[in-house]
Amino acid sequence: MDNLRKPTLWLGALVGGLLTLALTSALFLADQVAGLPFIPFDVFDYISRILPGALLTFGIDLMVEMIIAFNMGETSAAAKTAEQLMGLGGFLVTGTLGITFVYWLMNRSKTQARNLVPGLALGLAFGAVTMLISSQVNLTATAPVPAQIVWVIVAFALWGMAANWIYNDLAHSEGKTKTDEETGETVTVEPLNRRQFIARVGGASAVLTVVGAGLGWLVGRQPGEGGVVSAIPADAATDGAGNVLPNAADPMDPAPGTRPEYTPLDDHYRIDISSRPPVIDAEEWRLEVTGLVDNPVSLSLQDLYDKFDRIDRFITLSCISNRIGGTLISTTKWSGFRMKDFLDFVKPQADAVAMKITGADNFDEYVMLDVVEAEERVMFAYEWDDQPLKQKHGFPLRIYIPDRYGMKQPKWIKSIEFVDAWAEGYWVRRGWSKEAIVNTTSVVDAVSTDSILKDDAGYVVPVGGIAYSGAKRISKVEVSVNGGDWEEAQLRAPLSELTWVIWRYDWRFQEGEYRFEVRTYDAEGLLQSLDNRGTRPDGATGVHGKKANMPTLADLENPPEPEEEAES
Ligand SMILES: Nc1nc2c(c(=O)[nH]1)N[C@H]1C(S)=C(S)[C@@H](COP(=O)(O)O)O[C@H]1N2
Ligand SMILES: [Mo]
């Protein structure tokens, strides 16, 4: 009789986990080398698209909360990493459960034949379903579709069959017996074999996982992406191309610790609905203009350069999910052309009311034509910081609409349809603001207790930060210390009317602990909202503050020796 030893479900889960890791790694390598779909991210993106807006926002909020609590660095980059880890984790758990289920099925089967059917069936089912999902949402696969289908199905089929094959070997590993030399008894040495076998399976999976992931990582790295330190010091009065900034002559120096006025491009925040930004071929890309226009056109990138006058603007962009004091706000130089010139060219018809703008990731937003008529600074951008838009920031084309949060401003634009009615765009359908007009806000970035200055009257502590009002401009910033009177701060001339304003307040030093709060007024003299309100649905408002412990006067007069100084 066959000496059948049914593997436990725990063993099935172990095998499942190892094989799913190896599969993940193989998918990743193929993605990096051959532009084949990376299924774990695709499934995550698909699920996050169909989740109701409130749940999605709750998830993202929770993540941002954790990132802030654990001080995990710049919010948007960390949130993207967290999403990707969730995608990988979900894939690993699902794959492990699938294979555990195969082991359960096999354990129940009456016939004890070595068959591969359950594993193969599972692999084919997972492969087919995930390929279907991928075809809906994948933005990065560049391989021909038939090759994608064959690869995904084969990879999953092999994964399922491998699990099944391992099951068979585990179940049918007959106990080898030998005769103990001293006692003459017959002993079974089979358990050791089984352990060795599992060790071998584990080893093989581990090697596959490490080699695949390592190779994929090496091949996939692109020069200039991530980790590269910008050559321009953050506080230099130049943009990324070395051009002097328009306000370089302003003698007002930001308080040390204030965020850089011009955000280094690598540090610009980033928000996408997908795990990874769409891959767009510059040669093949066309801007398709359709609907209620006299001149429906399909324009190449070169057409855009040639047909429309180039303009440059310094712009601060903020996400509506930015908290008061958060980092989802950045400033850079945008280059492109005026919306007005574009409209003159395509000639909207009398019944056209709005433009439906769609990105390559199918993110869409509606822009009312009367908004564009009233605001001549609406523009399309093909460059940021004097270089073509980075892939993650919307290459090859994005729109800018003054005084609106980023959610209104599609990246990776592929089509513009002129329509006769407004409708809700991507984030509006998920419960966010219809208008998304920027709230006037101000932030304390720094209470520079490390940079206390001495003057004739004693010591001053530089305090500073930003004030931002979209396109409403800033007329005044005030600071209150420990709830005292509001005192006016100095303002630095901004990079443009569309950027944040750097403010500074030199506070007369006193010993003790102090809280510095800030508030601002727009150009119309309108005070910002003091109401403490969260981001959803209309963007955060409220007074920002920072607490700081001052050094003692004795320490200021006689600074303690730096600790590194050796007593020689
Ligand atoms: N096509 C597309 N456009 C988009 C988004 C997106 O996910 N897809 N996100 C929007 C949001 S919510 C913001 S805040 C800005 C962010 O632009 P950035 O990532 O280049 O900073 O892009 C906007 N445009
Ligand atoms: Mo956003």
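Taking the accessible area of the chain, probe 1.4 Å, and keeping the other protein chains in place, the carbon and sulfur fraction comes to 57%. Counted residue by residue at 0.36 nm each, then reduced by the alpha carbon distance between them, the extension gain from LEU556 to ALA204 reaches 120.5 nm. For the chain, the solvent-accessible area of protein heavy atoms averages 48 Å² per residue (probe radius 1.4 Å; ligands and nucleic acids excluded). Approximating the spin labels as points 7 Å out from Cα along Cα→Cβ, the PHE58-to-ASP456 distance works out to 6.3 nm. Distance from the Cα centre of region 408-475 to that of region 123-170, in angstrom? Region 408-475 and region 123-170 have Cα centres spaced 44 Å from each other. Computed from Cα positions, the angle between helix 145-172 and the longest principal axis of the chain comes to roughly 50 degrees. Entry note: region 310-409 has Rg to Rh equal to 0.96, where both radii use alpha-carbon atoms and Rh is the Kirkwood radius. A crude spin-label estimate for the pair VAL353 and GLU487, with each label 7 Å from Cα along the Cβ direction, gives 5.4 nm.
Using only the C-alpha atoms, the convex hull of region 471-568 corresponds to 174 Å³ per residue. Using only Cα atoms, find the angle between the long axis of helix 9-34 and the longest principal axis of the chain, and express it within 0 to 90 degrees, rounded to the nearest 10. Around 60 degrees separate the two axes.
The stretch between ILE68 and THR238, if pulled fully straight at 0.36 nm per residue, gains 58.2 nm over its current Cα-Cα span. The listed peptides 208-219, 50-61, ordered by packing as a protection proxy, come out as 208-219, 50-61 (highest mean of other Cβ atoms within 10 Å first). With contributions of -39500 (n - 2.57) from each DSSP H run of at least four residues, the per-residue ellipticity at 222 nm computed over the chain stands at -11500 deg cm²/dmol. Angle of helix 39-50 to the longest C-alpha principal axis of the chain, folded into 0 to 90 degrees and rounded to 10: 60°.
Near LYS414, the amide H atoms lying under 5 Å from its own belong to THR358, GLY359, ALA360; only residues 5 or more places off or on other chains count, and H is placed 1.01 Å from N. Taking the inverse of the mean reciprocal distance over all distinct Cα pairs, the Kirkwood hydrodynamic radius of region 235-311 comes to 17.1 Å. Full extension of the chain between HIS172 and ARG108 yields a length gain of 21.5 nm, computed as 0.36 nm times the residue separation minus the alpha carbon distance. Among rounded, prolate and oblate, which fits the chain when a ≥ b ≥ c are the square roots of the eigenvalues of its C-alpha gyration tensor, a/c under 1.5 means rounded, and a/b larger than b/c means prolate? Because a/c hits 1.5 or more and a/b fails to exceed b/c, the chain counts as oblate.
Peptides 357-366, 525-534, 463-472, ordered by how many other C-beta atoms sit within 10 Å of their residues on average, highest first, read 463-472, 357-366, 525-534.
Rounded to the nearest Hz, the phi-derived 3J(HN,Hα) couplings of region 328-339 under the Karplus curve 6.51 cos²θ - 1.76 cosθ + 1.60 (θ = phi - 60°) are 7, 8, 8, 10, 8, 9, 9, 10, x, 9, 6, 4, where x marks glycine and proline.
The values are calculated or read from the model by the stated rules, or taken from the named source; none is laboratory data. Bear in mind the structure is a predicted one, so any value in this text is a computation, not a measurement. Heads up, the Cβs are rebuilt from the backbone with ideal geometry, glycines too, and the neighbour counts pull from every protein chain shown. SASA here: full protein model, heavy atoms, side chains in, ligands and nucleic acids out. Shrake-Rupley method; radii C 1.70, N 1.55, O 1.52, S 1.80 Å.
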